Amino acid sequence: MKKIIVIIFIFIFFCGCESFVENADSSVSYATDDEISSSENISFLVNGVLNDFSRAYGYVTLWADLLSDALVNDGRVQGSTDVRGEYLDNGLYDPTVGTYAPPYQTVAQVWRSATSLQSKLDDMDIDASLKTEGYFTAYLYQGLSHYLLGTYYGRGPSYPSDGGATLNESAFIPSSDLNSSALLYLDSAASYADDHQTRIIHSLMARIYLYGNDYSNAAQHAALGLQDGDAPFYARPGLEDPWPNWYWYEAGNNRTRYTLASRFKHMLGEDFIDSNGNGVWDSTETFTDCAVVGADVGQGDGVYNSASEPEESARIKMSAAPMAPETPYMRYYQTKYPDSDSPINVISWQENHLMLAELALQGQSVGVNALDAVNAVRAAHGISNLANVDLSALLHERDKELFCQGQRIIDQNRHADLLNWHLGEGTTWHFLPVPYEEELANPNYP
(Lines give C-alpha, C1' and ligand atoms only; values in the text may rest on other atoms or scores of the structure.)
Protein backbone atom coordinates (compact mmCIF):
# COMPACT_ATOMS: atom_id res chain seq x y z
CA MET A 1 0.00 0.00 0.00
CA LYS A 2 1.28 3.35 -1.00
CA LYS A 3 2.69 5.44 1.83
CA ILE A 4 2.24 9.19 1.74
CA ILE A 5 3.82 11.76 3.96
CA VAL A 6 0.76 13.96 3.95
CA ILE A 7 2.01 17.51 4.11
CA ILE A 8 0.26 20.66 3.10
CA PHE A 9 3.44 21.72 1.38
CA ILE A 10 6.05 19.89 -0.69
CA PHE A 11 9.37 20.04 1.18
CA ILE A 12 11.70 22.83 0.10
CA PHE A 13 15.43 22.89 -0.36
CA PHE A 14 17.18 24.71 2.44
CA CYS A 15 20.74 23.88 1.43
CA GLY A 16 21.85 26.14 -1.38
CA CYS A 17 18.49 27.65 -2.32
CA GLU A 18 20.20 30.90 -3.12
CA SER A 19 22.57 29.20 -5.55
CA PHE A 20 19.63 27.62 -7.33
CA VAL A 21 18.22 31.08 -7.96
CA GLU A 22 21.59 32.44 -8.98
CA ASN A 23 22.23 29.67 -11.49
CA ALA A 24 18.73 29.47 -13.00
CA ASP A 25 18.70 29.99 -16.76
CA SER A 26 16.75 33.09 -17.71
CA SER A 27 14.22 33.27 -20.50
CA VAL A 28 15.40 36.82 -21.16
CA SER A 29 19.11 36.00 -21.34
CA TYR A 30 19.20 35.89 -25.14
CA ALA A 31 19.50 39.68 -25.39
CA THR A 32 21.47 42.37 -23.65
CA ASP A 33 19.93 44.59 -21.00
CA ASP A 34 20.03 47.59 -23.33
CA GLU A 35 18.28 45.65 -26.07
CA ILE A 36 15.34 44.70 -23.88
CA SER A 37 15.01 48.09 -22.14
CA SER A 38 12.71 49.47 -24.82
CA SER A 39 8.97 49.34 -25.43
CA GLU A 40 9.45 47.31 -28.61
CA ASN A 41 10.64 44.38 -26.51
CA ILE A 42 7.89 44.24 -23.88
CA SER A 43 6.29 41.32 -25.75
CA PHE A 44 9.64 39.54 -25.58
CA LEU A 45 9.70 39.89 -21.81
CA VAL A 46 6.03 38.91 -21.46
CA ASN A 47 6.63 35.73 -23.43
CA GLY A 48 9.62 34.93 -21.27
CA VAL A 49 7.38 35.04 -18.19
CA LEU A 50 4.74 32.84 -19.86
CA ASN A 51 7.34 30.30 -20.92
CA ASP A 52 8.90 30.15 -17.47
CA PHE A 53 5.52 29.71 -15.79
CA SER A 54 4.35 26.95 -18.15
CA ARG A 55 7.48 25.00 -17.27
CA ALA A 56 7.25 25.63 -13.53
CA TYR A 57 3.55 24.90 -13.14
CA GLY A 58 3.81 21.58 -14.97
CA TYR A 59 6.84 20.53 -12.95
CA VAL A 60 5.33 21.36 -9.56
CA THR A 61 1.90 19.86 -10.24
CA LEU A 62 3.32 16.64 -11.69
CA TRP A 63 5.46 16.03 -8.62
CA ALA A 64 2.58 17.01 -6.34
CA ASP A 65 0.41 14.36 -8.00
CA LEU A 66 3.17 11.78 -7.57
CA LEU A 67 3.49 12.62 -3.88
CA SER A 68 -0.29 12.26 -3.57
CA ASP A 69 -2.42 9.22 -4.36
CA ALA A 70 -3.07 10.37 -7.95
CA LEU A 71 0.05 8.96 -9.66
CA VAL A 72 2.19 5.93 -8.92
CA ASN A 73 5.64 4.74 -9.90
CA ASP A 74 5.42 1.06 -10.86
CA GLY A 75 8.65 -0.67 -11.89
CA ARG A 76 6.73 -3.16 -14.02
CA VAL A 77 5.65 -0.42 -16.39
CA GLN A 78 8.08 -0.18 -19.27
CA GLY A 79 9.90 3.15 -19.06
CA SER A 80 9.41 3.49 -15.31
CA THR A 81 13.06 3.14 -14.31
CA ASP A 82 13.20 5.96 -11.82
CA VAL A 83 14.42 5.58 -8.25
CA ARG A 84 13.58 9.20 -7.50
CA GLY A 85 10.02 8.60 -8.68
CA GLU A 86 9.74 5.60 -6.37
CA TYR A 87 10.80 7.73 -3.41
CA LEU A 88 8.36 10.49 -4.35
CA ASP A 89 5.58 7.94 -4.80
CA ASN A 90 6.19 6.82 -1.21
CA GLY A 91 6.07 10.40 0.07
CA LEU A 92 9.83 10.67 0.49
CA TYR A 93 11.12 14.04 -0.68
CA ASP A 94 14.71 14.45 0.49
CA PRO A 95 15.53 18.18 0.67
CA THR A 96 19.29 17.50 0.55
CA VAL A 97 19.41 15.71 -2.83
CA GLY A 98 20.20 17.96 -5.78
CA THR A 99 18.00 16.08 -8.25
CA TYR A 100 14.95 17.29 -6.34
CA ALA A 101 15.77 20.97 -7.02
CA PRO A 102 14.22 21.58 -10.48
CA PRO A 103 10.63 22.42 -9.42
CA TYR A 104 11.86 25.00 -6.91
CA GLN A 105 14.31 26.40 -9.44
CA THR A 106 11.58 26.86 -12.02
CA VAL A 107 9.28 28.67 -9.59
CA ALA A 108 12.11 31.00 -8.57
CA GLN A 109 12.74 31.71 -12.26
CA VAL A 110 9.12 32.73 -12.79
CA TRP A 111 9.48 35.27 -10.01
CA ARG A 112 12.75 36.57 -11.45
CA SER A 113 11.28 36.96 -14.95
CA ALA A 114 8.11 38.67 -13.70
CA THR A 115 10.09 40.98 -11.39
CA SER A 116 12.45 41.87 -14.22
CA LEU A 117 9.47 42.70 -16.42
CA GLN A 118 8.02 45.01 -13.77
CA SER A 119 11.33 46.78 -13.19
CA LYS A 120 11.66 47.45 -16.93
CA LEU A 121 8.11 48.83 -17.08
CA ASP A 122 8.80 51.09 -14.11
CA ASP A 123 11.65 52.73 -16.07
CA MET A 124 9.76 53.16 -19.35
CA ASP A 125 7.30 55.66 -20.79
CA ILE A 126 5.35 53.34 -23.05
CA ASP A 127 2.08 52.93 -24.90
CA ALA A 128 -0.93 52.41 -22.61
CA SER A 129 -1.87 49.01 -24.11
CA LEU A 130 1.67 47.71 -23.68
CA LYS A 131 1.76 49.04 -20.14
CA THR A 132 -1.53 47.27 -19.33
CA GLU A 133 -0.38 43.94 -20.75
CA GLY A 134 3.03 44.21 -19.15
CA TYR A 135 1.93 45.14 -15.64
CA PHE A 136 -0.90 42.61 -15.66
CA THR A 137 1.59 39.87 -16.55
CA ALA A 138 4.23 41.06 -14.09
CA TYR A 139 1.87 41.25 -11.11
CA LEU A 140 -0.08 38.10 -11.96
CA TYR A 141 2.96 35.86 -12.23
CA GLN A 142 4.74 37.34 -9.24
CA GLY A 143 1.57 36.46 -7.36
CA LEU A 144 1.44 32.95 -8.80
CA SER A 145 5.08 32.26 -7.93
CA HIS A 146 4.37 33.27 -4.32
CA TYR A 147 1.26 31.07 -4.36
CA LEU A 148 3.23 28.04 -5.59
CA LEU A 149 5.88 28.46 -2.91
CA GLY A 150 3.34 29.16 -0.18
CA THR A 151 1.11 26.24 -1.11
CA TYR A 152 3.46 23.48 -2.23
CA TYR A 153 6.66 24.16 -0.30
CA GLY A 154 7.23 23.81 3.40
CA ARG A 155 9.07 22.48 6.45
CA GLY A 156 9.61 25.80 8.10
CA PRO A 157 10.37 26.84 11.69
CA SER A 158 6.79 26.19 12.84
CA TYR A 159 6.18 23.16 10.60
CA PRO A 160 3.68 21.51 10.27
CA SER A 161 1.46 24.44 11.24
CA ASP A 162 3.13 26.59 8.61
CA GLY A 163 5.56 25.96 5.79
CA GLY A 164 7.37 28.45 3.63
CA ALA A 165 10.35 29.15 1.44
CA THR A 166 13.18 31.49 0.62
CA LEU A 167 13.07 33.57 -2.53
CA ASN A 168 16.02 35.19 -4.27
CA GLU A 169 18.37 35.06 -1.27
CA SER A 170 15.67 36.29 1.09
CA ALA A 171 15.22 35.29 4.68
CA PHE A 172 12.80 32.43 5.28
CA ILE A 173 9.24 33.49 4.37
CA PRO A 174 6.40 31.61 6.12
CA SER A 175 3.67 30.26 3.88
CA SER A 176 1.12 32.59 5.44
CA ASP A 177 3.24 35.56 4.34
CA LEU A 178 3.85 34.09 0.89
CA ASN A 179 0.13 33.64 0.34
CA SER A 180 -0.58 37.12 1.68
CA SER A 181 1.92 38.49 -0.83
CA ALA A 182 0.31 36.42 -3.57
CA LEU A 183 -3.06 38.01 -2.79
CA LEU A 184 -1.56 41.51 -2.90
CA TYR A 185 0.09 40.84 -6.27
CA LEU A 186 -3.15 39.42 -7.67
CA ASP A 187 -5.03 42.47 -6.42
CA SER A 188 -2.49 44.69 -8.20
CA ALA A 189 -2.90 42.65 -11.39
CA ALA A 190 -6.65 43.27 -11.24
CA SER A 191 -5.98 46.99 -11.84
CA TYR A 192 -4.80 46.07 -15.36
CA ALA A 193 -7.27 43.24 -16.08
CA ASP A 194 -10.18 43.02 -18.47
CA ASP A 195 -13.47 41.46 -17.33
CA HIS A 196 -12.45 37.87 -18.00
CA GLN A 197 -9.04 38.34 -16.42
CA THR A 198 -10.71 39.92 -13.39
CA ARG A 199 -12.84 36.81 -12.90
CA ILE A 200 -9.72 34.65 -13.22
CA ILE A 201 -8.06 36.68 -10.47
CA HIS A 202 -11.09 36.35 -8.20
CA SER A 203 -11.08 32.56 -8.70
CA LEU A 204 -7.36 32.36 -7.92
CA MET A 205 -7.84 34.45 -4.79
CA ALA A 206 -10.80 32.29 -3.76
CA ARG A 207 -8.60 29.21 -4.03
CA ILE A 208 -5.89 30.71 -1.84
CA TYR A 209 -8.43 31.67 0.82
CA LEU A 210 -10.14 28.27 0.59
CA TYR A 211 -6.86 26.41 1.05
CA GLY A 212 -6.20 28.60 4.07
CA ASN A 213 -9.63 27.71 5.53
CA ASP A 214 -10.75 31.34 5.28
CA TYR A 215 -14.21 30.46 4.00
CA SER A 216 -15.69 33.94 4.32
CA ASN A 217 -13.14 35.62 2.03
CA ALA A 218 -13.12 32.61 -0.27
CA ALA A 219 -16.88 32.93 -0.71
CA GLN A 220 -16.64 36.63 -1.57
CA HIS A 221 -14.12 36.01 -4.34
CA ALA A 222 -15.60 32.77 -5.66
CA ALA A 223 -18.94 34.55 -6.13
CA LEU A 224 -17.09 37.00 -8.43
CA GLY A 225 -14.99 34.32 -10.11
CA LEU A 226 -15.19 32.45 -13.40
CA GLN A 227 -18.70 31.78 -14.65
CA ASP A 228 -20.25 28.88 -16.55
CA GLY A 229 -18.83 28.99 -20.09
CA ASP A 230 -15.79 31.17 -19.32
CA ALA A 231 -12.53 30.05 -20.90
CA PRO A 232 -10.03 28.48 -18.47
CA PHE A 233 -6.76 30.09 -17.48
CA TYR A 234 -3.96 27.86 -18.71
CA ALA A 235 -0.27 27.44 -18.10
CA ARG A 236 0.86 27.68 -21.68
CA PRO A 237 3.90 29.00 -23.51
CA GLY A 238 4.15 32.36 -25.19
CA LEU A 239 5.64 32.54 -28.69
CA GLU A 240 7.66 29.41 -28.11
CA ASP A 241 8.36 27.04 -25.27
CA PRO A 242 11.46 24.83 -25.11
CA TRP A 243 10.00 22.95 -22.14
CA PRO A 244 7.29 20.34 -22.88
CA ASN A 245 4.19 19.58 -20.88
CA TRP A 246 5.63 17.55 -18.00
CA TYR A 247 2.63 15.24 -17.72
CA TRP A 248 3.05 14.32 -21.39
CA TYR A 249 6.81 14.07 -20.97
CA GLU A 250 6.96 11.77 -17.91
CA ALA A 251 3.43 10.45 -17.36
CA GLY A 252 1.88 10.29 -20.79
CA ASN A 253 2.37 9.56 -24.47
CA ASN A 254 6.06 10.42 -24.44
CA ARG A 255 7.06 8.14 -21.56
CA THR A 256 5.11 6.21 -18.94
CA ARG A 257 7.51 6.86 -16.09
CA TYR A 258 4.49 7.49 -13.84
CA THR A 259 1.02 5.99 -14.20
CA LEU A 260 -2.39 6.54 -12.67
CA ALA A 261 -3.74 5.27 -9.38
CA SER A 262 -5.99 2.31 -10.05
CA ARG A 263 -9.17 3.95 -8.81
CA PHE A 264 -9.46 5.94 -12.03
CA LYS A 265 -9.54 2.80 -14.15
CA HIS A 266 -11.96 1.12 -11.75
CA MET A 267 -14.37 4.03 -12.30
CA LEU A 268 -14.41 3.26 -16.02
CA GLY A 269 -14.35 -0.53 -15.75
CA GLU A 270 -11.57 -2.96 -16.56
CA ASP A 271 -11.03 -4.13 -20.12
CA PHE A 272 -12.41 -7.46 -21.31
CA ILE A 273 -12.79 -9.43 -24.55
CA ASP A 274 -16.49 -9.59 -25.38
CA SER A 275 -16.31 -12.98 -27.07
CA ASN A 276 -20.06 -13.50 -27.43
CA GLY A 277 -20.85 -9.88 -28.25
CA ASN A 278 -23.47 -9.39 -25.56
CA GLY A 279 -21.89 -6.16 -24.30
CA VAL A 280 -21.17 -7.39 -20.77
CA TRP A 281 -18.40 -9.41 -19.19
CA ASP A 282 -19.17 -13.09 -18.65
CA SER A 283 -17.14 -15.28 -16.30
CA THR A 284 -15.79 -17.29 -19.24
CA GLU A 285 -14.36 -14.22 -20.97
CA THR A 286 -10.83 -12.88 -20.55
CA PHE A 287 -10.40 -9.53 -18.81
CA THR A 288 -7.42 -7.28 -18.20
CA ASP A 289 -6.97 -6.80 -14.49
CA CYS A 290 -6.05 -3.45 -12.99
CA ALA A 291 -3.53 -3.22 -10.17
CA VAL A 292 -4.90 -3.01 -6.67
CA VAL A 293 -5.91 0.50 -5.60
CA GLY A 294 -2.96 2.29 -4.05
CA ALA A 295 -0.40 -0.45 -4.75
CA ASP A 296 3.03 0.75 -5.82
CA VAL A 297 4.21 -2.32 -7.73
CA GLY A 298 1.34 -4.50 -6.55
CA GLN A 299 -0.84 -7.08 -8.14
CA GLY A 300 -4.30 -7.47 -9.56
CA ASP A 301 -7.12 -8.65 -7.36
CA GLY A 302 -8.14 -11.45 -9.72
CA VAL A 303 -11.73 -10.24 -9.90
CA TYR A 304 -13.31 -8.38 -12.79
CA ASN A 305 -14.38 -4.90 -11.71
CA SER A 306 -17.18 -3.60 -13.87
CA ALA A 307 -17.51 0.10 -14.53
CA SER A 308 -18.73 2.01 -11.50
CA GLU A 309 -18.94 5.36 -13.29
CA PRO A 310 -18.66 4.69 -17.04
CA GLU A 311 -19.76 8.22 -17.95
CA GLU A 312 -16.54 9.52 -16.42
CA SER A 313 -14.63 8.57 -19.57
CA ALA A 314 -15.68 12.03 -20.76
CA ARG A 315 -13.25 13.67 -18.37
CA ILE A 316 -10.90 10.89 -17.20
CA LYS A 317 -8.74 10.22 -20.24
CA MET A 318 -6.34 7.29 -20.10
CA SER A 319 -4.67 4.54 -22.08
CA ALA A 320 -3.13 1.17 -21.21
CA ALA A 321 0.56 1.40 -20.34
CA PRO A 322 3.22 -0.94 -21.80
CA MET A 323 3.90 -3.56 -19.12
CA ALA A 324 6.86 -5.86 -18.58
CA PRO A 325 6.36 -9.37 -20.02
CA GLU A 326 4.19 -11.73 -17.94
CA THR A 327 2.91 -8.96 -15.68
CA PRO A 328 -0.51 -10.23 -14.50
CA TYR A 329 -2.15 -6.80 -14.35
CA MET A 330 -2.29 -3.52 -16.24
CA ARG A 331 -1.44 0.04 -15.43
CA TYR A 332 -2.92 3.03 -17.24
CA TYR A 333 -1.51 6.46 -18.02
CA GLN A 334 -3.21 9.81 -18.53
CA THR A 335 -4.02 11.09 -22.02
CA LYS A 336 -5.58 14.31 -20.79
CA TYR A 337 -2.44 15.97 -22.16
CA PRO A 338 -1.81 14.14 -25.46
CA ASP A 339 0.89 16.42 -26.87
CA SER A 340 4.09 18.09 -25.78
CA ASP A 341 2.48 21.53 -25.98
CA SER A 342 -0.85 20.65 -24.31
CA PRO A 343 -1.72 23.52 -21.94
CA ILE A 344 -2.29 22.71 -18.26
CA ASN A 345 -5.43 24.06 -16.65
CA VAL A 346 -4.55 26.45 -13.79
CA ILE A 347 -8.10 27.55 -12.92
CA SER A 348 -11.45 27.07 -14.65
CA TRP A 349 -15.11 27.90 -14.15
CA GLN A 350 -15.64 24.23 -13.26
CA GLU A 351 -13.19 24.45 -10.37
CA ASN A 352 -14.77 27.72 -9.30
CA HIS A 353 -18.17 26.00 -9.24
CA LEU A 354 -16.75 23.19 -7.10
CA MET A 355 -15.32 25.81 -4.74
CA LEU A 356 -18.77 27.42 -4.55
CA ALA A 357 -20.24 24.02 -3.75
CA GLU A 358 -17.70 23.36 -1.00
CA LEU A 359 -18.23 26.80 0.48
CA ALA A 360 -22.00 26.30 0.44
CA LEU A 361 -21.51 23.01 2.30
CA GLN A 362 -19.40 24.96 4.81
CA GLY A 363 -22.36 27.27 5.46
CA GLN A 364 -21.31 30.22 3.29
CA SER A 365 -23.79 32.20 1.21
CA VAL A 366 -22.54 32.08 -2.38
CA GLY A 367 -25.74 32.51 -4.40
CA VAL A 368 -25.98 28.89 -5.48
CA ASN A 369 -26.62 25.63 -3.68
CA ALA A 370 -23.95 22.94 -3.65
CA LEU A 371 -25.90 20.36 -5.68
CA ASP A 372 -26.68 22.78 -8.51
CA ALA A 373 -23.05 23.86 -8.70
CA VAL A 374 -21.77 20.28 -8.89
CA ASN A 375 -24.38 19.22 -11.44
CA ALA A 376 -23.51 22.18 -13.67
CA VAL A 377 -19.93 20.87 -13.81
CA ARG A 378 -21.12 17.34 -14.58
CA ALA A 379 -23.47 18.62 -17.27
CA ALA A 380 -20.56 20.33 -19.03
CA HIS A 381 -19.18 16.82 -19.68
CA GLY A 382 -22.53 15.28 -20.55
CA ILE A 383 -22.63 13.38 -17.24
CA SER A 384 -25.93 12.76 -15.47
CA ASN A 385 -26.94 14.71 -12.38
CA LEU A 386 -26.33 13.63 -8.81
CA ALA A 387 -29.34 13.37 -6.53
CA ASN A 388 -27.51 14.81 -3.53
CA VAL A 389 -24.07 15.91 -2.48
CA ASP A 390 -22.14 16.09 0.77
CA LEU A 391 -18.49 16.95 1.43
CA SER A 392 -17.30 13.42 0.66
CA ALA A 393 -19.13 13.41 -2.68
CA LEU A 394 -17.78 16.88 -3.41
CA LEU A 395 -14.20 15.71 -2.86
CA HIS A 396 -14.85 12.78 -5.17
CA GLU A 397 -15.99 15.24 -7.84
CA ARG A 398 -12.85 17.32 -7.32
CA ASP A 399 -10.74 14.16 -7.67
CA LYS A 400 -12.22 13.58 -11.13
CA GLU A 401 -12.63 17.14 -12.37
CA LEU A 402 -9.13 18.23 -11.28
CA PHE A 403 -7.58 14.97 -12.53
CA CYS A 404 -3.84 15.51 -13.21
CA GLN A 405 -3.79 19.15 -12.12
CA GLY A 406 -1.77 18.88 -8.89
CA GLN A 407 -4.67 19.63 -6.53
CA ARG A 408 -5.14 16.20 -4.97
CA ILE A 409 -2.38 16.45 -2.35
CA ILE A 410 -3.86 19.71 -1.09
CA ASP A 411 -7.29 18.12 -0.72
CA GLN A 412 -5.70 15.17 1.09
CA ASN A 413 -4.19 17.55 3.59
CA ARG A 414 -7.27 19.71 3.98
CA HIS A 415 -9.56 16.72 4.43
CA ALA A 416 -7.34 13.92 5.74
CA ASP A 417 -10.21 12.63 7.85
CA LEU A 418 -12.38 12.05 4.79
CA LEU A 419 -9.71 10.89 2.35
CA ASN A 420 -8.07 8.11 4.34
CA TRP A 421 -10.06 5.35 2.65
CA HIS A 422 -7.10 4.28 0.53
CA LEU A 423 -4.79 3.63 3.49
CA GLY A 424 -4.13 0.09 4.60
CA GLU A 425 -4.98 -1.23 8.04
CA GLY A 426 -2.55 0.07 10.63
CA THR A 427 -1.16 2.85 8.45
CA THR A 428 -1.21 6.47 9.56
CA TRP A 429 -0.94 9.90 8.06
CA HIS A 430 2.51 11.42 8.44
CA PHE A 431 2.82 15.09 9.25
CA LEU A 432 6.56 14.99 9.88
CA PRO A 433 9.33 13.69 7.63
CA VAL A 434 10.33 10.09 8.29
CA PRO A 435 13.83 8.92 7.26
CA TYR A 436 13.76 6.33 4.50
CA GLU A 437 15.42 3.70 6.70
CA GLU A 438 12.65 4.08 9.28
CA GLU A 439 10.08 3.67 6.54
CA LEU A 440 11.64 0.39 5.48
CA ALA A 441 11.68 -0.84 9.07
CA ASN A 442 7.98 -0.09 9.47
CA PRO A 443 6.00 -3.36 9.27
CA ASN A 444 3.25 -1.49 7.41
CA TYR A 445 5.62 -0.39 4.67
CA PRO A 446 4.51 -1.92 1.33
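Computed values, structure above
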{"item": "Rg to Rh quotient for segment 244-371, alpha carbon positions, Kirkwood Rh", "result": "1.07"}
{"item": "Placed amide H near MET330: partners under 5 Å, 5+ positions off or other chain", "result": "ASP289, CYS290, ALA291"}
{"item": "For segment 176-230, the fraction of alpha-carbon pairs in successive 5 Å shells from zero, as %", "result": "5, 23, 29, 25, 14, 4, 1"}
{"item": "For ILE173, distant residues with modelled amide H under 5 Å away", "result": "ALA165, THR166"}
{"item": "Taking only Cα atoms of segment 199-287, radius of gyration then Dmax in Å", "result": "21.4, 58"}
{"item": "Convex hull projection area averaged over all views, segment 271-342, Cα basis, nm²", "result": "6.5 nm²"}
{"item": "Sequence of TRP63, TRP248 from largest to smallest accessible area, 1.4 Å probe", "result": "TRP248, TRP63"}
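The values are calculated or read from the model by the stated rules, or taken from the named source; none is laboratory data. As the structure is a prediction and not an experimental result, all values here were calculated from the model. Keep in mind that these areas ignore ligands, DNA and RNA; they rest on the heavy atoms of the full protein, side chains included. Shrake-Rupley method; radii C 1.70, N 1.55, O 1.52, S 1.80 Å.
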